[in-house]
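Student: My structure is below; once you've seen it, I'll send some questions.
The values are calculated or read from the model by the stated rules, or taken from the named source; none is laboratory data. The model shown is predicted, which means the values in this text are computed figures rather than measured ones. Neighbour counts run over all protein chains shown; Cβ positions are idealised from the backbone, glycine included.
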Ligand SMILES: Cc1cc2nc3c(=O)[nH]c(=O)nc-3n(C[C@H](O)[C@H](O)[C@H](O)COP(=O)(O)OP(=O)(O)OC[C@H]3O[C@@H](n4cnc5c(N)ncnc54)[C@H](O)[C@@H]3O)c2cc1C
């Protein structure tokens with residue numbers, strides 16, 4: 001019997017499983033998707049997450065797969081562009097850019113080094129708690145399956161099955177405007193070259209007429225390639241607040257090259273030329289924080305517990321640090337070395353961090 005069932009093999013579920021197994025727990029990890037998402041969501045990895053990676057033993061692989069992010073150029077239409085370079089010399093690590101798919105690939109490979117593989121195509125259908133055990137009902141390629149575990153952890157993203165089943169309120173609001181994303185090559189004109197490692201933030205303020213137009217380009221490790229994002233055209237309609245799904249909208253058409261070029265041309269004085277679009281998508285953002293991170297032996301972590309705009313690149317980083325915090329405590333309790341009360345410190349320590357991240361992203 002596994003001690004823990006981790007639901008979701010995003011960066012948070014993979015980190016949690018790696019760490020639980022490293023500390024001696026027996027873990028199953030299930031993932032509803034049969035294959036990873038082709039879109040790149042998180043890129044920015046903070047220096048604290050790199051310290052976590054070092055302790056886990058994956059920092060070298062992440063650095064090899066990434067690109068150091070050296071700062072950002074901000075250009076507000078009508079004003080000269082300004083470069084803000086990151087000065088992180090006093091920290092052991094600077095900020096790294098690793099596409100989320102690469103992060104997940106490296107974590108899954110690290111996990112398989114412990115002899116654990118992600119059970120893909122398996123979905124948590126429901127669960128009940130009785131005494132010290134959680135009974136879980138799983139729906140997978142072999143049909144319905146039942147198991148018992150001591151702990152269940154929902155790392156199952158913004159629309160978490162675990163959080164909903166626990167009736168944990170997820171208060172907050174949806175940002176009313178849809179965004180578009182794309183992975184393109186950008187060639188900057190000779191009069192405005194962008195040094196490698198620098199992100200570009202172009203803004204055109206619209207005053208009372210609505211949100212600023214924007215063109216944001218985050219460098220990817222492959223030379224000349226960027227993940228660009230911008231607001232979707234106004235005619236696509238802003239949805240008012242309420243129940244807008246957070247995250248990538250796989251069912252919606254993403255921008256094509258001409259949409260991306262038009263956004264750059266509208267906002268930047270010396271726009272780069274966009275070419276070779278590999279994928280594009282749309283996404284929506286919300287700000288929400290779970291009222292609690294646990295009910296008895298069922299926990300939530302990562303986007304299941306907190307969601308916020310990608311500004312500042314904190315979603316995945318915060319979730320990975322949730323997992324790092326929870327894993328060693330849970331493993332010590334399972335070994336009988338620590339009292340179960342130590343698990344109460346997980347929410348006490350991690351929820352205020354998410355609260356602060358949400359407050360900071362609102363300010364930005
Ligand atoms: C455009 C964009 C840019 C971003 N940039 C950054 C950035 O630079 N830095 C940063 O830190 N963050 C960034 N983020 C946020 C980051 O992508 C998320 O915070 C991160 O993916 C959360 O990881 P997670 O493992 O908690 O959830 P997810 O990555 O959503 O993974 C959850 C997994 O659970 C699975 N699942 C769901 N329900 C079930 C079920 N019932 N049974 C089994 N499996 C299930 C899902 O299929 C999914 O694979 C960005 C997000 C977006 C949209």
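Student: Just one of (1) assigned by TED's automatic domain parsing to the domain that holds residue 106; (2) more than 7 Å from the ligand (Cβ to nearest atom); (3) touching a strand residue (DSSP E or B) at 6+ places or on another chain (Cβ under 8 Å) trips up residue 18, so point out which.
Tutor: (3)
Student: So is residue 165 at pLDDT 95 or above and surrounded by fewer than 20 Cβ atoms within 10 Å (Cβ to Cβ) or not? Can you show your working first?
Tutor: Values: at pLDDT 95 or above: yes; surrounded by fewer than 20 Cβ atoms within 10 Å (Cβ to Cβ): yes.
Criteria met by residue 165.
Student: Mind listing whichever residues of the stretch 145-179 are over 30 Å from residue 17 (Cβ atoms) and more than 10 Å from the ligand (Cβ to nearest atom)? Steps first, please.
Tutor: Filtering the stretch 145-179 for residues over 30 Å from residue 17 (Cβ atoms) gives 173-179.
Result: 173, 174, 175, 176, 177, 178.
Student: Kindly evaluate residue 83 against the criterion of being away from the ligand (no atom under 11 Å from the Cβ) and assigned to a strand (DSSP E or B).
Tutor: On the way: away from the ligand (no atom under 11 Å from the Cβ): yes; assigned to a strand (DSSP E or B): yes.
Answer is yes for this residue.
Student: I've got another one for you. Of all residues in the stretch 86-116, which are within 21 Å of the chain's Cα centre (by Cα) and more than 11 Å from the ligand (Cβ to nearest atom)?
Tutor: Quick first cut of the stretch 86-116, residues within 21 Å of the chain's Cα centre (by Cα) only: 93-111.
Listed by number, the residues that qualify are 93, 94, 102, 105, 106, 108, 109, 110, 111.
Student: (1) surrounded by 15 or more Cβ atoms within 10 Å (Cβ to Cβ); (2) closer than 19 Å to residue 212 by Cβ; (3) at pLDDT below 95: which one isn't true of residue 236, the others all being true?
Tutor: Single failed check for residue 236: (1).
Student: Given the options 33, 48, 60, 28, name the one that is outside any strand (DSSP E or B), over 17 Å from the mean Cα position of the chain (by Cα) and not assigned by TED's automatic domain parsing to the domain that holds residue 267.
Tutor: Working: 33 fails: over 17 Å from the mean Cα position of the chain (by Cα); 48 fails: over 17 Å from the mean Cα position of the chain (by Cα); 28 fails: outside any strand (DSSP E or B).
Checking each option against the conditions leaves just 60.
Student: Take the residues of the stretch 1-15 that are within 13 Å of the ligand (Cβ to nearest atom) and within 20 Å of residue 148 (Cβ to Cβ): which is surrounded by the fewest Cβ atoms within 10 Å (Cβ to Cβ)? If you could, list the steps in order and put the result at the bottom.
Tutor: Within the stretch 1-15, the subset within 13 Å of the ligand (Cβ to nearest atom) is 5-15.
Applying the additional criterion that residues be within 20 Å of residue 148 (Cβ to Cβ) yields 5-8, 13.
Values: 5: 25, 6: 32, 7: 28, 8: 29, 13: 30.
Of everything passing the filter in the stretch 1-15, 5 is surrounded by the fewest Cβ atoms within 10 Å (Cβ to Cβ).
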